[in-house]
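The values are calculated or read from the model by the stated rules, or taken from the named source; none is laboratory data. These numbers were taken from a predicted model, which means no experiment stands behind them. Note that each Cβ is placed from the backbone with ideal geometry, even for glycine, and that neighbours are counted across all protein chains shown.
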Amino acid sequence: MLNLERLQDITKELQEKKAVTVKSLAAKYFASEATIRRDLESLARSGFVRRTYGGAILVEDPYAEIPLKVRHGDHKRPKEIIAQHAAQLVGDNKIVFIDSSSTALHMVQYLKEKAGLTIITNGARTAVECGETLNGKIYCTGGILRENSLSFIGEAARRNVDNYFTDIAFFSNRAISLENGVTDYNEAESELRQLMIKNTKKAVLLMDSSKFDQNSFCKVCSLEELDTLITDVSPSAEWIKKLKDVGTELILPN
């Protein structure tokens, strides 16, 4: 098993069981205990888990964050479905903001045929992916690099985001609820997304169904501020009515 696949599996097991041991993981994945310790230390550096004697436990707080390299492969098929539909909203010669989320990162591969795009992103990996895949102009906000999310935050990032005005902006977050709207775990990332929404003609939220009816630490925006919501599974009748009432377009798989 590849290192990334193993990290993804360990992450899922931690989310389900809340705790794991080095010995049990080594037996399960036919890996050395030293290898498993390195995996757990990698997750611990993200703040997602805390190392214990002989294993690790899940850290359950608003700031705990799964590393981007793990999130990118988590719920991969739903994210790809959402990304395909999102890319269809982008026309040639458009100015597009793509945030640093793993869901938005999946979009890049579906933008290859678009001509004359200008892409602005606060995601380091997203910027590299765009540079390697697309022919348009790629702008990276710069700023302070967050190790776990590979995103840029801070005053430089805020200043640059606030200086750009886009045709459409794509972003994802940790949670969405009828009561509190769109919420996320990181305040600095949330501030950037608020600026993105303020400075775009069309704000598009990419949200897989596992994040519905959840709440996180800080508010990003209300449901009324969303122009479009793209998800992989039809939400409840209550959700459909609410989105219709506030004027948010709902896009679902065909």
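Looking only at region 237-247, how many residues end up being more than 24 Å from residue 90 (Cα to Cα) and in contact (Cβ under 8 Å) with a residue 12 or more places away in the chain?
Selection size over region 237-247: 3.
Taking the residues in region 155-199 that are of a type in the set (Phe, Trp, Tyr) and surrounded by fewer than 21 Cβ atoms within 10 Å (Cβ to Cβ) as candidates, determine which candidate is modelled with the lowest pLDDT.
185
The conditions are (1) surrounded by 16 or more Cβ atoms within 10 Å (Cβ to Cβ); (2) closer than 23 Å to residue 48 by Cβ, and residue 145 fails exactly one of them. Which is it?
Exception for residue 145: condition (1).
In region 180-188, is there at least one residue being free of Cβ contacts under 8 Å to residues at least 24 places away in the same chain, assigned by TED's automatic domain parsing to the domain that holds residue 126 and not in a helix (DSSP H, G or I)?
no
How many of the residues in region 12-55 are assigned to a helix (DSSP H, G or I) and over 20 Å from residue 146 (Cα atoms)?
20
Only one of these conditions is not met by residue 152: (1) in a strand (DSSP E or B); (2) free of Cβ contacts under 8 Å to residues at least 40 places away in the same chain. Which number is it?
All conditions are met except number (2).
Within region 126-181, which residues are of a type in the set (Lys, Arg) and within 17 Å of the chain's Cα centre (by Cα)?
Scanning region 126-181 gives 146, 174.
Picking from 125, 158, which residue would you name as being of a type in the set (Lys, Arg) and touching an Asp or Glu at 6+ places or on another chain (Cβ under 9 Å)?
Of the residues listed, the single one that is of a type in the set (Lys, Arg) and touching an Asp or Glu at 6+ places or on another chain (Cβ under 9 Å) is 158.
In region 109-146, what residues are farther than 17 Å from residue 196 by Cβ and either in contact with a helix residue (DSSP H, G or I) (Cβ under 7 Å, 6 or more places away or on another chain) or not assigned by TED's automatic domain parsing to the domain that holds residue 166 (or both)?
Within region 109-146, 109, 110, 111, 112, 125, 129, 133, 134, 145 qualify.
Is it the case that some residue within region 133-144 is among the β-branched types (Val, Ile, Thr), over 24 Å from residue 225 (Cβ atoms) and touching a Lys or Arg at 6+ places or on another chain (Cβ under 7 Å)?
Within region 133-144 (the criterion being among the β-branched types (Val, Ile, Thr), over 24 Å from residue 225 (Cβ atoms) and touching a Lys or Arg at 6+ places or on another chain (Cβ under 7 Å)), the answer is yes, since at least one residue qualifies.
Being outside any loop (DSSP other than H, G, I, E, B), among the small types (Gly, Ala, Ser) and touching a helix residue (DSSP H, G or I) at 6+ places or on another chain (Cβ under 6 Å) is the filter here; which residues of region 162-179 pass it?
169, 175
Of everything in region 201-220 that's part of a strand (DSSP E or B) and either outside the structural domain of residue 238 (by TED's automatic domain parsing) or crowded, with 22+ Cβ neighbours inside 10 Å (or both), which residue is nearest to the chain's Cα centre (by Cα)?
Filtering region 201-220 for residues that are part of a strand (DSSP E or B) and either outside the structural domain of residue 238 (by TED's automatic domain parsing) or crowded, with 22+ Cβ neighbours inside 10 Å (or both), the one nearest to the chain's Cα centre (by Cα) comes out as 206.
Can you find even one residue in region 215-223 that is without any contact (Cβ under 8 Å) to a residue 60 or more places away in the chain, hydrophobic (A, V, I, L, M, F, W, C) and within 24 Å of residue 115 (Cα to Cα)?
For region 215-223, residues without any contact (Cβ under 8 Å) to a residue 60 or more places away in the chain, hydrophobic (A, V, I, L, M, F, W, C) and within 24 Å of residue 115 (Cα to Cα): absent.
Here is a yes/no grid of residues against (1) farther than 19 Å from residue 81 by Cα; (2) out of contact with any Pro (no Cβ under 7 Å at 6 or more places or on another chain); (3) not hydrophobic (A, V, I, L, M, F, W, C):
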| site | (1), (2), (3) |
| --- | --- |
| 193 | yes, yes, yes |
| 235 | no, yes, yes |
| 241 | yes, yes, yes |
| 252 | no, yes, no |
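Out of everything in region 180-197 that is among the charged types (D, E, K, R) and in contact with a helix residue (DSSP H, G or I) (Cβ under 8 Å, 6 or more places away or on another chain), what residue ends up being nearest to residue 249 (Cα to Cα)?
184
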